[in-house]
Amino acid sequence: MPEKIKISFPDGSVKEFDKGVSALDVAKGISEGFSRHVLMAKINGTLKDLNTPVDNDAKIVFYKFDSEEGKEVYWHTSSHIMAQAIEELYPGSKFGVGPAIEGGFYYDIDAPVKFGEPELKKIENKILEISKRDLKPVRIEMSRLEAIKYFKTKRIDPYKVEILETIAKEEDTVSLYNQGDFTDLCRGPHLPSTGKVKAVKLLSVSGSYWRGDEKRQMLQRIYGITFPSQKELDQHIKNLEEAKKRDHRKLGRELDLFFFHEVSPGAPFWLPNGMIIYREIESFSRKLHEKYEYDEISTPIIVREPLFKTSGHTTHYAENMFKIISDDEPMYLKPMNCPEATIVYSSKLRSYKDLPIRLSELGRMHRNEIRGALGGMFRVRQFTMDDAHIFCRTDQILEEITKVLQLMTETYTAFGFEPNYYLSTKPDEAMGSTEDWNTAEDGLAKALEANNLKYKVNEKDGAFYGPKIDVHIKDALNRTWQLATVQLDFNLPERFDLTYEGSDGKKHRPIMIHRAIYGSFERFVGILTEHYAGNFPVWIAPVQIAVLPLTDAQKEYAKSVYKEIRQAGFRVYLDDRSEKIGYKIRESENKKVPYMLVLGENEKQSGNISVRQHGAGDKGSFELQDFIQRVNLNITGKTSSYNF
């Protein structure tokens, strides 16, 4: 009789299977219908192919396309299918890297042909042909040296050889995947079959230097997207077209918010309208931090090297830091605020009675991002972060993280976002003891559970100095963005020898909590611009009200209305040019002004106003004070709608 093993599922149920059963057969044991949609499995915390045999009792989680994990494996396999299609169509092509990314996949290719629209269409057709072959990706493990020999002699590809000789040089064993006649270097996992891919669109081609080095070979990077159905692909293409209209770089210029210039790659020039939004979200942040009893600090931008040696940044983060020489010694533009927060903490003796100490900082930072990776406000070199560091006792961790989560909820609610939570655990390159990491991860998990917040675990995605809670939101186009982080850190207090005097008169080590809510102001404003398509909520709109006299005969009345609205504290614009009212309305609509007050002879005689709402048209006649009170409710309530 076959030996039995027990498989546990996320809902707490347990089933018995024969030892050696494949993950796919486990899924079939749940139901045939369920198994048809499953793409991969997580077995005891590790993502695996569905053909993986299970030899011992295990916990299994299955993923479909509707999950982040499912999309990642779907699009990563799609990148392999695209590479196979290119190899069949254009023999002699060589391949760099082909990862899944947010919104699809890409592959860097050294090909004997320049890819354009006709070539992309041929590749799309070949991908669908390979899909119909229903090929089963098969994992093969071999020594790294054997793999190097394979890519030097059998499937000649110098890029794979270089990856094996450099990036993977510490690994004894590596994995390759066979897909019909195509073989590629890959960690996996992959889809159970190429037949899962039903619809494809190759989106664009761009140049990409090998390994991001401008002195190396220029490869062609093909971006693509695939879906389990044509309907889903059509909706995605529609969303992409809408995203182009909402591109924050385009709207930033059109609405006079910000722009970028080659004199300072990766650093925005903020314009007056953009600074209004910046100041409003900054003011909102400060008020919330006062409510939650933070003390604001400001620390230097240029810092001597020893600080970052102690913190570990020169070991783990040096390639992302701007190094300068001053007085013949190395210094750095700070990439983050946390090391200097420890200096503030240690500037005086601390007692257990002083804790918790909550230090907030709107700190200007610089990170040396590769120029080719810069992307408007979403990837910059200079930015401001709404950072904070909390120093507390072990018994205060739960309460402090709870307060941070409450602050997050209050912040995101004001912008109409619903947060999703992820617990990111110890990465491979981590500082500190396993015991401290386990304690920290347990503390974050308990805080999430105590606040009844559902969360997913992101294995090995923590910072090098501690685990973290990552918070994601979805925008109006259903795109996911990571915003806030909460990191529990036992390591920096140890490295900087931070202490406080306990009630027993002895020295104790504080816990350090790192957290940011917006992330960076630049990225957050970029997200807001695209989420609202430039139609910002009234409370952050650069111009909230436009006063538009119908003719010159209403100018004086318009000036009195303008003055009264301005005195009420609104950002108001008076357009008293001798232009037709239709032209004025059109201009205000293009500038996305929330409210337009059209003042004709009837309004002048009655002392009322006629209100137009951006995107909605005429809202009727109002008394001025009634209108002011209604708009005030929108502003004080931080509503994301213009309706009143």
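The values are calculated or read from the model by the stated rules, or taken from the named source; none is laboratory data. No experiment lies behind these values; they were computed from the predicted model shown. Methodologically, a virtual Cβ is constructed for each residue, glycine included, from the backbone with ideal geometry; neighbour enumeration extends over all protein chains shown. Note: areas computed on protein heavy atoms with side chains; ligands, DNA, RNA excluded. Shrake-Rupley method; radii C 1.70, N 1.55, O 1.52, S 1.80 Å.
Going through the cross-link list LYS244/LYS468; LYS245/LYS638; LYS19/LYS136, which pairs have a Cα-Cα distance over 27 Å in this structure?
The pairs that break the limit, which is 27 Å between Cα atoms, are LYS244/LYS468.
5 Å is the cut-off here: which amide hydrogens, built 1.01 Å from N in the peptide plane, fall below it relative to VAL21, excluding neighbours closer than 5 in sequence?
VAL54
Nearest 0.05, what FRET efficiency do ASN178 and LYS149 give at R0 = 22 Å with Cβ-Cβ as r?
In this case the efficiency is close to 0.85.
Find out how many positive minus negative residues lie around TYR278, taking Lys and Arg as positive, Asp and Glu as negative, among other residues whose Cβ is under 12 Å from that of TYR278.
-3
Does the stretch 1-112 come out rounded, prolate or oblate, given a ≥ b ≥ c as the square roots of the eigenvalues of its C-alpha gyration tensor, rounded meaning a/c under 1.5 and, failing that, prolate meaning a/b above b/c?
It comes out prolate by the Cα gyration axes.
Hey, what did the stretch 153-223 get for relative contact order, percent, Cα under 8 Å, at least 6 apart?
Averaging sequence separation for qualifying contacts and normalising by length gives 17 percent for the stretch 153-223.
Using Cα pairs under 8 angstrom and six or more residues apart, how large is the relative contact order of the chain, in percent?
Computed value for the chain: 9 percent relative contact order.
Regarding the stretch 245-346, what's the average projected area of the Cα-atom convex hull, expressed in nm²?
Average projection, Cα convex hull of the stretch 245-346: 9.8 nm².
Decide, for the stretch 139-186, between rounded, prolate and oblate: order the square roots of the alpha carbon gyration tensor eigenvalues as a ≥ b ≥ c, take rounded if a/c falls under 1.5, and otherwise choose prolate if a/b is larger than b/c, else oblate.
oblate
Whole Å is fine, so just give me how far the alpha carbon centre of the stretch 190-258 lies from that of the stretch 304-377.
34 Å
If I take R0 = 30 Å and measure r between the Cβ atoms of GLU254 and ALA476 in this structure, what FRET efficiency does the formula 1/(1 + (r/R0)^6) give, to the nearest 0.05?
After rounding, the FRET efficiency stands at 0.95.
Ignoring ligands, DNA and RNA, what percent of the 1.4 Å accessible area of the stretch 1-91 is carbon and sulfur?
Numbers: 2240 of 4450 Å².
C and S atoms contribute 50 percent here.
All other residues with a Cβ under 13 Å from the Cβ of TYR107 taken together, and with Lys, Arg as +1 and Asp, Glu as -1, what is their net charge?
-2
What number, rounded to the nearest 500 deg cm²/dmol, is the helix-based mean residue ellipticity at 222 nm of the chain, given -39500 (n - 2.57) per DSSP H run of at least four residues and division by all its residues?
Mean residue ellipticity at 222 nm (helix-derived): -10500 deg cm²/dmol.
With θ set to phi - 60° and the Karplus curve 6.51 cos²θ - 1.76 cosθ + 1.60, what are the ³J(HN,Hα) couplings of the stretch 389-395 in order, to the nearest whole Hz, using x for Gly and Pro?
9, 10, 10, 8, 7, 4, 6
Among the GluC sites (Glu not before Pro) in the stretch 202-248, which ones are in a DSSP loop with at most 13 other Cβ atoms within 10 Å of the Cβ? Mind listing them?
GLU214
Does the stretch 102-216 come out rounded, prolate or oblate by the C-alpha gyration tensor, with a ≥ b ≥ c the root eigenvalues, rounded set by a/c under 1.5 and, if not, prolate when a/b is larger than b/c and oblate if not?
Verdict is oblate for the stretch 102-216.
Give the carbon-plus-sulfur fraction of the accessible surface of the stretch 137-239 in %, rounded to a whole number; probe 1.4 Å, heavy atoms of protein chains only.
After summing per-atom areas, the C and S share lands at 49 percent.
Contact order normalised by length for the stretch 68-140, with contacts defined as Cα pairs under 8 Å and 6 or more residues apart; what percent is it?
Value for the stretch 68-140: 31 percent.
Would you work out the Kirkwood radius for the stretch 46-106? I mean one over the mean of 1/r across all pairs of different Cα atoms, in Å.
This gives a value of 13.6 Å.
Could you give the length gained by full extension between ASP328 and SER206, i.e. 0.36 nm per residue of separation minus their alpha carbon distance, to one decimal place?
39.8 nm
Counting each pair of different Cα atoms once, what's the Kirkwood radius of the chain in Å, rounded to one decimal?
Evaluated over the chain, this radius sits at 28.3 Å.
How far, in nm, would the chain grow between LEU89 and GLN406 when pulled straight, counting 0.36 nm per residue and subtracting the alpha carbon separation? Each step should come with its number before you reach the end.
Working: separation 317, 0.36 × 317 = 114.12 nm, distance 5.53 nm.
In short, 108.6 nm is gained.
Tell me, what is the per residue accessible area of the chain in Å², probe radius 1.4 Å?
Solvent-accessible surface per residue comes out at 48 Å².
GLU170 to GLU319: FRET efficiency via 1/(1 + (r/R0)^6), r the Cβ-Cβ distance, R0 25 Å, to the nearest 0.05?
It comes out at approximately 0.90.
How much of the DSSP beta bridge set in the stretch 114-216 is antiparallel, as a percent to the nearest 5?
Of the beta bridges lying entirely in the stretch 114-216, close to 100 percent run antiparallel.
Taking 7 Å along the Cα-to-C-beta vector as the label spot, tell me the ASP576-LYS559 distance in nanometres, rounded to one decimal.
The modelled label-to-label distance comes out at 0.4 nm.
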